[in-house]
2 protein chains.
Amino acid sequence: MDAPRTARARARAELTSQILDAAHRQLVDVGPSDLSLRAIARELGMSSSAIYRYFASRDVLLTALIVQAYDAIGEAAEAAEAAVDRNDLEARWLTACRAARAWSLAHPHQYSLIYGSPVPGYAAPADTIDPAGRVGLLLARIVQDAAATGRLATTGESERAEESTSRATGVMHPQVVEAFGEVDEASVITGVAAWTSLFGTISFEMFGHYENVVTDRDAFFDDVMRRAAYQAGLRS
Amino acid sequence: MDAPRTARARARAELTSQILDAAHRQLVDVGPSDLSLRAIARELGMSSSAIYRYFASRDVLLTALIVQAYDAIGEAAEAAEAAVDRNDLEARWLTACRAARAWSLAHPHQYSLIYGSPVPGYAAPADTIDPAGRVGLLLARIVQDAAATGRLATTGESERAEESTSRATGVMHPQVVEAFGEVDEASVITGVAAWTSLFGTISFEMFGHYENVVTDRDAFFDDVMRRAAYQAGLRS
DNA sequence: GGGAAACGAGAGCACTGCTCTCGAACGTGG
DNA sequence: CCACGTTCGAGAGCAGTGCTCTCGTTTCCC
């Protein structure tokens, strides 16, 4: 952000990112709750107390890592989705979901950092809520594109959906509704439900809940995400 | 289970459950990762090392608490569902889901113990996989009842569902297919997807992912669970 | 009753996050 | 250019953790 004028400022920025890197490296094989400030300090050859010049507490460091992880999975999903034909909405959807899953399976500890139980004594810092929505925003954009090209199926299924739709108003946060663009709130709900389903499925797989339940995880995931896309209003 | 013949065995059983109770009590306000063996020992007026006569390690104690939590949420869902008219399949479904959510909101730390990121260095003990499926089994039973009374919608929606159904075989574990009874595998998949959606939605709500996203959580949950029931093949 | 197993308490080890102090390096205003 | 104030790093230390080991004591079973 700011250009580091003085040598001290430059050294500070350098060390800050070195600490972050070391923490990120440690996260590869230890898991968030076992992440140790002292171990990071050892790896960097500095005293443990020196870390506190750069991060006020362990939780602050974790928060920074959380933001990193959100950005990483968001970027992975965006990059994959960007390579797909803009007109093939379902392919875009499925590709984004698959990319999110692939990233998660490749980075289990970072995943549990952002989608597991919050490890600090329940503190959802404001810095994290913005990057947290990145994958969700990507999905919302696809739904929005579907609506823009007149390809969003508004009525869910049969009369039942209509019934629940009729009284569903004011359920979602205005800024989320805005992110979906000019679609009715029922579509926002199904979109958020699909987003939830995406990470619910990944979490269940990663946290062992599909042990002795789902054998072919790839096929299962694809199937569920396809149905989620359909229910969100996307038709091929 | 076994009748404690000797006084020593009786004292052992007594103390074991006292430790478990103290741990459970501590879980009300501290969260799984902050659960302290020494604090439990202090509360019980015994030395910390004495705990190890009853639980070989902290993880073993946590495992016991996990089983307790699974049983508790399972029992809550079952009790609520049992009070509903057996013929109203959707009401049974929705009631079970609501009970699971209500239990979760009332017991956040126990919830994150079973549906959050696994706190031990990734150990999913065999003792836990059985009670873990209790809520899922309940939902499966409802689907099974629907099939038994000829009220299970087998073809999902349109030709798309049929397409993905055609190649979906061998995806699920045989014992899960068996738990669903005489339904085709596609219905098992949608059932497991609905089960995933249930806890995915609860997790997102509990772990703060609906902050600035969903305002009316009750209405949102009902809506999503109703759609999940529909997609699982349940029709009112 | 005597031998063996189970038990409780205490000390101790290695580790954690975090605080405080103190001397050294650094940057900037006069 | 140099003195003063800020920033930084290291070390010691505190309170706490899970866990192990030892050493008497209690209980059980033959």
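Return the residues of the stretch B:182-202 that are over 13 Å from B:Gly233 (Cα atoms), open to solvent by less than 20 Å² (accessible area, probe 1.4 Å) and not hydrophobic (A, V, I, L, M, F, W, C); say none if nothing qualifies.
B:Thr196, B:Ser197, B:Gly200, B:Thr201
Read through the list (1) aliphatic (A, V, I, L, M); (2) touching a residue at least 24 places away in the same chain (Cβ under 8 Å); (3) within 30 Å of B:Asp223 (Cα to Cα), then give the number of the only condition that B:Ile51 fails.
It is condition (3) that B:Ile51 fails.
Do you know which residues across the stretch A:209-227 are in a helix (DSSP H, G or I), open to solvent by 10 Å² or more (accessible area, probe 1.4 Å) and either over 16 Å from B:Glu185 (Cβ atoms) or aromatic (Phe, Trp, Tyr) (or both)? Give the derivation first.
Within the stretch A:209-227, the first condition is being in a helix (DSSP H, G or I), and the residues that meet it are A:217-227.
From the residues that got through so far, the ones that are open to solvent by 10 Å² or more (accessible area, probe 1.4 Å) too are A:217-219, A:222, A:226-227.
Across the stretch A:209-227, there are no qualifying residues.
Answer with yes or no whether A:Arg5 is of a type outside the set (Asp, Glu), within 15 Å of DNA strand C (Cβ to nearest atom) and assigned to a helix (DSSP H, G or I). Write out each step before concluding.
Values: of a type outside the set (Asp, Glu): yes; within 15 Å of DNA strand C (Cβ to nearest atom): yes; assigned to a helix (DSSP H, G or I): no.
Against the criterion (of a type outside the set (Asp, Glu), within 15 Å of DNA strand C (Cβ to nearest atom) and assigned to a helix (DSSP H, G or I)), A:Arg5 does not qualify.
Test B:Ser104 against the criterion of being assigned to a helix (DSSP H, G or I), open to solvent by less than 30 Å² (accessible area, probe 1.4 Å) and closer than 26 Å to A:Gln110 by Cα, and give yes or no.
On the way: assigned to a helix (DSSP H, G or I): yes; open to solvent by less than 30 Å² (accessible area, probe 1.4 Å): yes; closer than 26 Å to A:Gln110 by Cα: yes.
So B:Ser104 passes the test.
Which condition does A:Gly45 not pass, out of (1) away from DNA strand D (no atom under 13 Å from the Cβ); (2) of a type outside the set (A, V, I, L, M); (3) on the phi > 0 side of the Ramachandran plot, if it passes all the others?
With (1) away from DNA strand D (no atom under 13 Å from the Cβ); (2) of a type outside the set (A, V, I, L, M); (3) on the phi > 0 side of the Ramachandran plot applied to A:Gly45, the lone miss is (1).
Is there a residue in the stretch A:56-64 that is within 12 Å of DNA strand D (Cβ to nearest atom) and away from every other protein chain (no Cβ under 14 Å)?
Applying the first criterion (within 12 Å of DNA strand D (Cβ to nearest atom)) to the stretch A:56-64 yields A:56.
Cutting the leftovers down to away from every other protein chain (no Cβ under 14 Å) gives us A:56.
Yes, that holds for at least one residue.
The values are calculated or read from the model by the stated rules, or taken from the named source; none is laboratory data. No experiment lies behind these values; they were computed from the predicted model shown. Here Cβ is always computed from backbone atoms with ideal geometry, including for glycine, and neighbour counts include all displayed protein chains. Heads up: the accessible areas ignore ligands, DNA and RNA and are worked out on the full protein's heavy atoms, side chains in. Shrake-Rupley method; radii C 1.70, N 1.55, O 1.52, S 1.80 Å.
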